[in-house]
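So the structure is just underneath, and the comments pick up after that.
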Amino acid sequence: DLLRVRAPSVVERSFCLLTLFVVTWQLPTQWLQRAGDAEKIDRGGDLLGTLVFLALLGFGVFTFLFLMRFLLRISQLWIVYGAELENVLWAILYSLPHIMVLTIPLGLLVGSLMAFGRMSADFEIVALRAAGVSLLHLLPPVLIAATILWATTSWVYMVMMPWGNTSLMEMQWET
C-alpha cells in the first residue's frame, strides 16, 4: 500500500494548476515592482529626498545647540544691563552667520551619514549591489547636495558674515 501512488483527483489537479498560475503571475510582477524601486534608488530620488530632510534636521539641531551657548551670553544684555528686546533680537540675527558657517556642513555630514546608515540597515545597499548597480551611482545626489551647500556656506561666509560683523559693531557703537 505504501508504494502504490494514486492519481490526483480533478480538484487537486486544478488546485495545482491554479497555484502554479498564481505563482508564475505574481513573481514577475513582484520582480518588476522591485526593479522599479531599484531604478528609483538608482536615480537618486529617494536618496536625495532623505538626504535633504536629514541634513535640514541636522542643521536645525546643530544651530539650536550653538545658539543656546550664545543665548546665555546675550541674555546678560537683556537681564543685567536692561537692553531692549528688539536690540537683543538684532544681536542674535547679526551673530547667526557665525553659527551657520559651522552648522551647514555639519548638517550635511549628519544627513549623509544617517541616510546611508538607513540604507545599510534596510539592506538597500546589498540589494543594489546584487542587482548590479555600482555604489558610484549613489554618489551624484550627495555631490549635488554638497555643491549646493558649499555655495551656500561660501555665500554666508563671504557676504553674510561681514554684514553681521559690521552691523554688530555699529550696534555696539550706538549703545
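For segment 103-130, give me each residue that is open to solvent by less than 70 Å² (accessible area, probe 1.4 Å), touching a residue at least 24 places away in the same chain (Cβ under 8 Å) and not hydroxyl-bearing (Ser, Thr, Tyr).
Residues satisfying the conditions are Ile104, Pro105, Leu106, Gly107, Leu108, Val110, Gly111, Ala115, Met119, Glu124, Ala127, Leu128.
Does Val156 fit the bill of being in contact with a Pro (Cβ under 6 Å, 6 or more places away or on another chain), in contact (Cβ under 8 Å) with a residue 24 or more places away in the chain and under 20 Å from Phe66 (Cβ atoms)? Give the steps one after another, and end with the answer.
On the way: in contact with a Pro (Cβ under 6 Å, 6 or more places away or on another chain): yes; in contact (Cβ under 8 Å) with a residue 24 or more places away in the chain: yes; under 20 Å from Phe66 (Cβ atoms): yes.
Criteria met by Val156.
Sort through Phe70, Phe21, Phe15, Phe62 and tell me the only one that's at pLDDT 85 or above and aromatic (Phe, Trp, Tyr).
Phe62
Each row is one residue, and each column tells you yes or no for (1) at pLDDT 90 or above; (2) among the basic types (Lys, Arg); (3) more than 18 Å from the chain's Cα centre (by Cα).
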position	(1), (2), (3)
Ser112	yes, no, no
Glu124	no, no, no
Ala130	no, no, yes
Leu138	no, no, no
Met160	yes, no, yes
Trp173	no, no, yes
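Tally the residues that are open to solvent by less than 70 Å² (accessible area, probe 1.4 Å) and in a helix (DSSP H, G or I), restricting the search to segment 81-102.
11
Can you confirm whether Leu106 is in contact with a Gly (Cβ under 9 Å, 6 or more places away or on another chain) and either modelled with pLDDT under 85 or more than 22 Å from Phe53 (Cβ to Cβ) (or both)?
no
Taking Trp78, is it surrounded by 15 or more Cβ atoms within 10 Å (Cβ to Cβ), assigned to a helix (DSSP H, G or I) and modelled with pLDDT under 90?
In short, yes.
The values are calculated or read from the model by the stated rules, or taken from the named source; none is laboratory data. No experiment lies behind these values; they were computed from the predicted model shown. Methodologically, a virtual Cβ is constructed for each residue, glycine included, from the backbone with ideal geometry; neighbour enumeration extends over all protein chains shown. Remember, those area values only see protein heavy atoms, side chains included, never the ligands or the DNA or RNA. Shrake-Rupley method; radii C 1.70, N 1.55, O 1.52, S 1.80 Å.
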